[in-house]
Amino acid sequence: MSLILSRRALILGAGATLAGCDRLARQEPVRELLFSADNFHKWAQRGLMDRNALAREFRPDQISPTFRANGTSNPNTEAYKAVWRSGFADWRLRVGGLVGHPLSLSLAQLHAMPHREQITRHDCVEGWSAIGKWRGVPLSLILDAARMSSRARYIVFRCADDMGDGNGYYESIDLVDAFHPQTILAFALNDRPLRVANGAPLRLRVERQLGYKHAKYLTAIEAVESLSGIGKGKGGFWEDFSGYDWYAGI
Ligand SMILES: Nc1nc2c(c(=O)[nH]1)N[C@H]1C(S)=C(S)[C@@H](COP(=O)(O)O)O[C@H]1N2
Ligand SMILES: [Mo]
């Protein structure tokens, strides 16, 4: 029942149920209360519709003249240098974890998939913003192609930069953000291939979240049931080491 509800909720655009909600929903009285036709509607509206609202999109003349780089501006590892030297021809995005059909996608394959373009504002917690035009593949298409399991609750993003902790920069989002229409894996900024400083060859754009969630230098994405076994278990590099909130919704 939670499986059907999750998928249906996504299809309706009402968002996925969170793990905790699922557990709650298995109790019959709670379920009746939440999911009776009347209440489901109200609950979906109040609790989840906000999360599916689009981030504001801007006009081309509002694009910032420069989109600064923050955090890592070049991973500079041997592995990254090797794929950079190949013009990223040897780079692959691995899609794994709780999926029925693991993928290894080249940049050419990503370019051949349907794209989305969006001009959005990036907000960094350090107090700067920039407006940029992003082009990339909706994450939902990739997760559907990989046949994500109904057990998956989060998507984890692995990055090429070594943060000296043995795990590297990583981030994670829930399925509401993963299937949000503006959540894309972007390979172009302002009509140019993504430059190294901004995350070449591919970075996440998750427009309803603060800057640190937008993982650059992607190497792999994984569908998981829980974040507890990953890194220090808080769902991201900054969450693990600096106490940033995992949920950084804006
Ligand atoms: N792999 C990786 N992704 C990252 C970071 C990083 O250091 N490494 N920094 C984050 C932070 S704090 C911000 S604000 C944005 C900056 O993106 P930009 O360099 O394109 O401005 O990337 C985010 N994603
Ligand atoms: Mo940031």
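The values are calculated or read from the model by the stated rules, or taken from the named source; none is laboratory data. Note that the structure is predicted; figures quoted are calculated from it, not measured. Don't worry about glycine lacking a Cβ; one is built from the backbone with ideal geometry, like all the others, and counts go over all protein chains shown. These accessible areas exclude ligands, DNA and RNA; they are computed on the full protein's heavy atoms, side chains included. Shrake-Rupley method; radii C 1.70, N 1.55, O 1.52, S 1.80 Å.
Calculate what fraction, in whole %, of the accessible area of segment 80-219 sits on carbon and sulfur atoms when a 1.4 Å probe is rolled over the protein chains. Intermediate values should be presented prior to the final figure.
Working: 2590 of 5220 Å².
Exposed carbon and sulfur together represent 50 percent of the surface.
Write down the accessible area per residue of segment 92-250 in Å², having rolled a 1.4 Å probe over the full set of protein chains.
On the way: 6030 Å² over 159 residues.
The answer is 38 Å² per residue.
If a/c stays under 1.5 just call it rounded; otherwise compare a/b with b/c (prolate if a/b is bigger, oblate if not). Do that for segment 60-242, with a ≥ b ≥ c from the square roots of the Cα gyration tensor eigenvalues.
rounded
Just how much of Ile250 is accessible, in Å², when a 1.4 Å probe is used and the result is rounded to the nearest 10?
Ile250 has an accessible surface of roughly 80 Å² with all protein chains in place.
I need the shape label for segment 133-186. Rule: rounded when a/c is under 1.5, else prolate if a/b > b/c, else oblate, with a, b, c from the alpha carbon gyration tensor. If you can, show how the numbers build up before the last one.
On the way: a/c = 2.28, a/b = 1.39, b/c = 1.65.
Note, shape of segment 133-186 comes out oblate.
With a ≥ b ≥ c the root eigenvalues of the C-alpha gyration tensor of segment 46-104, is it rounded (a/c under 1.5), prolate (a/b larger than b/c) or oblate? Let's see the in-between values first.
On the way: a/c = 2.65, a/b = 1.24, b/c = 2.13.
Cα axes put segment 46-104 in the oblate bin.
Given the whole protein assembly as supplied and a 1.4 Å probe, what does the accessible area of Glu78 come to in Å², nearest 10?
Estimated to the nearest 10 Å², Glu78 gives 130 Å².
Please list Arg51, Arg56, Arg205, Arg151 in order of solvent-accessible area, largest first, computed with a 1.4 Å probe with all protein chains present.
Numbers: Arg51 40, Arg56 150, Arg205 0, Arg151 130 Å².
Per-residue accessible area, sorted high to low, gives Arg56, Arg151, Arg51, Arg205.
Hey, which of these cross-link pairs are over 23 Å Cα-Cα: Lys81/Lys133; Lys81/Lys216; Lys133/Lys213?
Over 23 Å apart, Cα to Cα: Lys81/Lys133.
Using a 7 Å offset from Cα along Cα-Cβ at Ser150, what residues in segment 161-189 end up with backbone N under 18 Å from the label point?
Within reach of a label on Ser150: 175-176.
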